[in-house]
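The values are calculated or read from the model by the stated rules, or taken from the named source; none is laboratory data. This is a predicted model, so every value here is computed, not measured. With ideal geometry, Cβ positions are generated from the backbone for all residues, glycine too; neighbour counts draw on all protein chains shown. Note: areas computed on protein heavy atoms with side chains; ligands, DNA, RNA excluded. Shrake-Rupley method; radii C 1.70, N 1.55, O 1.52, S 1.80 Å.
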Amino acid sequence: MKEFSNQPIDTSQLPSIDEVSFLSLDPKYTKVVMINATLVSLMIIGAGVIFYFWDVKIKKEDNPQLLGLFVLLAALLVALYVWVISILGVSKKTYAFREHDVIYRSGIVLKREIVIPYNRVQHVALHEGILSRMYQLAALEFYSAGGANGDLKIPGIPKEQAERIKQFIVDKVHQVNFENTPEIGDTLEENQSENKDISTADGEF
């Protein structure tokens, strides 16, 4: 049985994550995001226009419909914000696969960094949307134990590369699980030790 060790770590000597070579999303993914952002922005503007004309129709005998104008202006601003943020956000999304984990960075104002060790990964899925399929792109989604939704999703990867990465992660997960599987002798020894501790616990668990 392996001896348990839990020694303190000098955090000042740890390698900087900035030294990792991050990969950017495929440039074609910008077109996918641009189309999606345009559709969403048009829907927001359309809702504002509908409300404006509805407000004009209801209050046609009153003063100029300030509420309708305000909602329409707000819709235009929100649509512009969604479009700009979506496009700029693509350049801020980067990823890196290391020997023991995967790292994903995103965010413009609020930056987010996710690190998932391979020993936490239970399942890797490859997704292709309608637009992504047109540009031969795919997204990789990583699931951990007990998670209904993916813990990490990396979009905008060329499909062939995504398939190779998926196979690499699957092999890594199998390797990690195999290395962490206890031997039969160790398991029996641990069970005997646990049984001995329980039997001498004076009825308290």
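Under the rule of at least 5 residues apart or a separate chain, name every residue whose amide H is placed under 5 Å from the amide H of residue 65.
Counting only residues 5 or more places away or on other chains, the set is empty.
Output wanted: per-residue J couplings in Hz (rounded whole) for the range 159-169, from phi through Karplus 6.51 cos²θ - 1.76 cosθ + 1.60, θ = phi - 60°, x for Gly and Pro.
Values per residue, Gly and Pro as x: 4, 4, 5, 4, 5, 5, 5, 4, 5, 4, 5 Hz.
Per-residue HN-Hα couplings for the range 65-81, Karplus 6.51 cos²θ - 1.76 cosθ + 1.60 at θ = phi - 60°, whole Hz, x for Gly and Pro?
So the J values, rounded to whole Hz, are 6, 5, 5, x, 5, 5, 5, 5, 5, 4, 5, 5, 5, 5, 4, 5, 4.
With a 1.4 Å probe and every protein chain left in place, tell me how much accessible area residue 43 has, in Å² to the nearest 10.
For residue 43, solvent-accessible area is about 140 Å².
Near residue 125, within a Cβ-to-Cβ distance under 11 Å, what is the net charge of the other residues, with Lys and Arg +1 and Asp and Glu -1?
On the way: positive: 153, 166; negative: 128, 141.
So the surrounding residues net to 0.
If I ignore ligands, DNA and RNA and count only protein heavy atoms, how much of residue 24 is accessible to a 1.4 Å probe, in Å² to the nearest 10?
Surface accessible to solvent at residue 24 totals approximately 80 Å².
Near the amide H of residue 101, under 5 Å away, which other amide H atoms are found, from residues 5 or more places off or on another chain, if H is placed in the peptide plane?
Residues meeting the criterion, in which the H sits 1.01 Å from N, are 118.
Of 31/172; 28/93; 28/159; 111/172; 28/172; 111/166, which sit over 23 Å apart, Cα to Cα?
Details: 31/172 32 Å; 28/93 14 Å; 28/159 12 Å; 111/172 28 Å; 28/172 29 Å; 111/166 26 Å.
Where the Cα-Cα span goes over 23 Å, the pairs concerned are 31/172; 111/172; 28/172; 111/166.
Work out, step by step, the length gained on full extension between residue 92 and residue 74: first 0.36 nm times the residue separation, then minus their alpha carbon distance; give nm to one decimal.
Details: separation 18, 0.36 × 18 = 6.48 nm, distance 2.66 nm.
Between residue 92 and residue 74, full extension yields an extra 3.8 nm.
Tell me the accessible surface of residue 81 in square angstrom (1.4 angstrom probe, heavy atoms of protein chains only), to the nearest ten.
Near enough 150 Å² of accessible area.
With the alpha-carbon atoms as the only input, what is the per residue convex hull volume for the range 30-114 in Å³?
Numbers: hull volume 7.9 nm³, N = 85.
That works out to 93 Å³ per residue.
Roughly speaking, to the nearest percent, how much of the range 54-129's 1.4 Å accessible area is carbon and sulfur? If you can, show how the numbers build up before the last one.
Working: 3200 of 5110 Å².
Using a 1.4 Å probe with all protein chains present, the range 54-129 comes out at 63 percent carbon and sulfur.
Please list, in chain and number order, the residues 5+ apart from residue 144 or on another chain whose amide H is under 5 Å from its amide H, with Hs placed from the backbone.
122, 151
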